[in-house]
1. Would you check which residues across the stretch 160-182 are in contact with a strand residue (DSSP E or B) (Cβ under 8 Å, 6 or more places away or on another chain) and of a type in the set (A, V, I, L, M, F, W, C) and list them?
2. Any chance you could count how many residues in the stretch 88-120 are among the small types (Gly, Ala, Ser) and either closer than 17 Å to Arg168 by Cα or crowded, with 19+ Cβ neighbours inside 10 Å (or both)?
3. Can you tell me how many residues in the stretch 33-69 are under 15 Å from the mean Cα position of the chain (by Cα) and assigned to a loop (DSSP other than H, G, I, E, B)?
4. Taking the conditions exactly as written (more than 17 Å from Val276 (Cβ to Cβ) and modelled with pLDDT under 95), does Gln103 satisfy them or not?
5. Which residue out of Gly117, Gly178, Gly78 is within 30 Å of Gly225 (Cα to Cα), modelled with pLDDT under 95 and over 14 Å from the mean Cα position of the chain (by Cα)?
6. Taking strands (runs of 3 or more DSSP E) that fall entirely within the stretch 109-189, which contain at least 1 residues that are hydroxyl-bearing (Ser, Thr, Tyr) and farther than 17 Å from Val94 by Cα?
Amino acid sequence: MESAATTGDRPEADGIAEMFDESSDMSNAFNDGQVHLAYWYDDEDQAPLIEATQRLTRKVADSLRLRKGERVLDVGCGLGAPAIQLATEYDVEVTGVNISTRQVAEAHARARAAGLGDQVTFQTGDYRALDFPDGSFDAVVAMEALVYVSDLAPTLRGLHRVLRPGGRLSLTEPTREGLGVVAASRFAANFGSKWLLSVAEWLDPLREAGFELLEYLQCGPRVFGMGPKYVHAVETRRAELAAQFGDAAVDELRQTLETFFAPGETGQIGYAVITVQKPWN
């Protein structure tokens with residue numbers, strides 16, 4: 001199989017942290033603390049961006065079959081909104097880990113404001129080197145986070161280690177469909193990530209780390225194929241965003257979204273929810 005894991009130069013961890021520190025304010029204002037993509041059923045779906053984004057979080061939670069009281073690790077937890085949603089809707093305990101100090105501070109504030117300070121906690125850290133004891137969690141959520149890892153193998157082994165036997169991991173990522181390896185690597189580099197892998201290219205390292213596949217959902221047309229809806233969300237809130245960040249910043253956001261989602265309109269990039277399990281023995 002042609003491999004996407006050998007091409008391109010990428011930013012180091014400090015650069016990734018800085019990238020997310022700088023984007024925190026706009027992300028917070030634009031989608032109320034949700035920094036991952038959204039899920040619409042079709043072009044006629046009029047759900048606002050925040051509602052569509054929460055749908056994707058529920059897709060992950062349902063795939064994990066989260067149960068009341070379970071311990072969940074959210075790696076690359078962003079501004080904390082998905083962790084708070086999981087705790088609120090599924091009554092689980094969530095620990096979020098993020099390399100961005102600014103995002104962790106905002107996540108802490110959100111949890112306190114929601115009255116969940118004891119149920120949802122966040123810490124600054126690198127999820128490539130987790131210091132939790134073996135078997136600490138029942139489930140791991142990694143939403144659009146693992147593409148910033150230059151070497152997947154040790155990171156996936158670390159996630160495997162902190163899961164109890166039978167624990168589940170669900171990751172969500174854009175996936176390369178019609179794009180070749182070189183074009184996919186170039187696309188990823190343009191947006192600060194290290195990979196744009198196919199589903200098969202995700203499954204191989206997951207299995208090598210010791211996971212067993214439970215299911216995967218390819219929902220590209222309902223996520224990455226909905227680029228015009230993200231742009232519409234910008235225009236709907238243009239006056240509000242411009243008052244806070246200026247017209248130039250809003251124009252830049254729109255242009256970035258148009259460029260990012262363009263391959264989705266031709267089906268060249270999809271979007272997958274992949275759920276795996278640590279074997280019971």
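The values are calculated or read from the model by the stated rules, or taken from the named source; none is laboratory data. Everything quoted here is computed from the prediction, not taken from an experiment. A quick note on method: Cβ atoms are made from the backbone with ideal geometry, for glycine too, and the neighbour counts reach across all protein chains shown.
1. Result: Val162, Leu163, Leu169, Leu171, Leu179.
2. Count: 4.
3. Summing the residues that are under 15 Å from the mean Cα position of the chain (by Cα) and assigned to a loop (DSSP other than H, G, I, E, B) in the stretch 33-69 gives 7.
4. yes
5. Testing whether each residue is within 30 Å of Gly225 (Cα to Cα), modelled with pLDDT under 95 and over 14 Å from the mean Cα position of the chain (by Cα) leaves just Gly178.
6. 163-176
Yes/no per residue for (1) in contact with a Phe, Trp or Tyr (Cβ under 6 Å, 6 or more places away or on another chain); (2) at pLDDT 95 or above; (3) hydrophobic (A, V, I, L, M, F, W, C); (4) under 30 Å from Gly135 (Cβ atoms):
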| position | (1), (2), (3), (4) |
| --- | --- |
| Glu173 | no, yes, no, yes |
| Leu214 | no, yes, yes, yes |
| Gly220 | yes, yes, no, no |
| Gly267 | no, no, no, no |
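Conditions tested, residue by residue: (1) among the small types (Gly, Ala, Ser); (2) within 20 Å of Arg128 (Cα to Cα); (3) buried (at least 19 other Cβ atoms within 10 Å of the Cβ).
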position: Leu146; (1), (2), (3): no, yes, yes
position: His160; (1), (2), (3): no, yes, yes
position: Ser170; (1), (2), (3): yes, yes, yes
position: Gly180; (1), (2), (3): yes, no, no
position: Ser185; (1), (2), (3): yes, no, yes
position: Ala209; (1), (2), (3): yes, yes, yes
position: Met226; (1), (2), (3): no, no, yes
